[in-house]
Amino acid sequence: MWSDDAAERHREVAGHFAALTTRVSDEGALGWDAPAPVEGWAARDVVRHLVGWFPGFLAGGSGIVLEEGPSVDDDPVEAWRVHAQSVQDVLDDPATAGRTFSNPYTGDHPLADAISQFYTTDVFLHSWDLATATGQEAALDPEVCAMLLEGMEPIEEMLRASGQYGPRVDVPPTADPQSRLIAFIGRDPSWRP
């Protein structure tokens, strides 16, 4: 189960994602150019998405500018390391973690809570994409999967309208929590490269 502390939660989730990046081959069928479960994406694009959308979102809502790493095209592992460390530094610094994040679409939130809700959760979900695309073990914490699904199902219409999730994939009601969560966000849990 996730820590109640946003900094520790990010450290765990981003660390797991970092471990996945270090095990991706630079070449071969399951390397950085392997197809990902998101239509039109390769494995590299999973990293590109995470290091691409969040800096602007964070800066726009808090004024905090993250350190920029190398291009994902040049070095996806280092691009992720620099990005994740920069986010961790924000969460570990009491002067920044205590700030308010303000966004016209999401409202005002304590900064640490906003990072956890909007970003750390995204890293958790995309861990499945990267692992699956590159032939790694894609096991996510089943308790976290169940908790996220429980929170997302009541706002499904709003989430779908945001364009952030594809159409829900049908799975049996007896499917495990990870399969149900992955299907909810629009991925086929049985997808393989």
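I'd like to know if the range 132-141 contains one or more residues that are out of contact with any Gly (no Cβ under 9 Å at 6 or more places or on another chain) and more than 21 Å from Ala34 (Cβ to Cβ).
yes
This table checks each residue for (1) touching an Asp or Glu at 6+ places or on another chain (Cβ under 7 Å); (2) touching a residue at least 40 places away in the same chain (Cβ under 8 Å); (3) crowded, with 20+ Cβ neighbours inside 10 Å.
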| residue | (1), (2), (3) |
| --- | --- |
| Ser127 | no, yes, yes |
| Ala146 | no, no, no |
| Met152 | no, no, no |
| Val171 | no, no, no |
| Ala175 | no, no, no |
| Arg192 | no, yes, no |
Filtering the range 124-142 down to residues that are under 13 Å from Leu30 (Cβ atoms), out of contact with any strand residue (DSSP E or B) (no Cβ under 7 Å at 6 or more places or on another chain) and assigned to a helix (DSSP H, G or I) yields Leu130, Ala131, Thr132
Here the residues within the range 92-119 that are surrounded by 13 or more Cβ atoms within 10 Å (Cβ to Cβ), of a type outside the set (S, T, N, Q) and closer than 27 Å to Trp41 by Cβ are Ala114, Ile115, Phe118, Tyr119
Every listed condition ((1) under 15 Å from Ala18 (Cα atoms); (2) crowded, with 18+ Cβ neighbours inside 10 Å; (3) in contact (Cβ under 8 Å) with a residue 24 or more places away in the chain) holds for Leu66 save (1)
Quick count over the range 98-119, residues being charged (D, E, K, R) and not in a helix (DSSP H, G or I), is 2
Residues in the range 158-186 that are under 27 Å from Trp32 (Cα atoms) and outside any helix (DSSP H, G or I) total 9
>> I'd like to check something: does the range 145-157 contain any residue that is in a loop (DSSP other than H, G, I, E, B), outside the structural domain of Asp45 (by TED's automatic domain parsing) and either touching a helix residue (DSSP H, G or I) at 6+ places or on another chain (Cβ under 8 Å) or among the aromatic types (Phe, Trp, Tyr) (or both)?
In response: no
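Before we move on, is Asp122 within 19 Å of Ser3 (Cα to Cα), assigned by TED's automatic domain parsing to the domain that holds Val65 and loosely packed, with under 15 Cβ neighbours inside 10 Å?
Against the criterion (within 19 Å of Ser3 (Cα to Cα), assigned by TED's automatic domain parsing to the domain that holds Val65 and loosely packed, with under 15 Cβ neighbours inside 10 Å), Asp122 does not qualify.
The values are calculated or read from the model by the stated rules, or taken from the named source; none is laboratory data. Because the structure is a prediction, the values reported are computed rather than measured. Because the Cβ atoms are built from the backbone with ideal geometry, glycine has one as well, and the counts that use them run over all protein chains shown.
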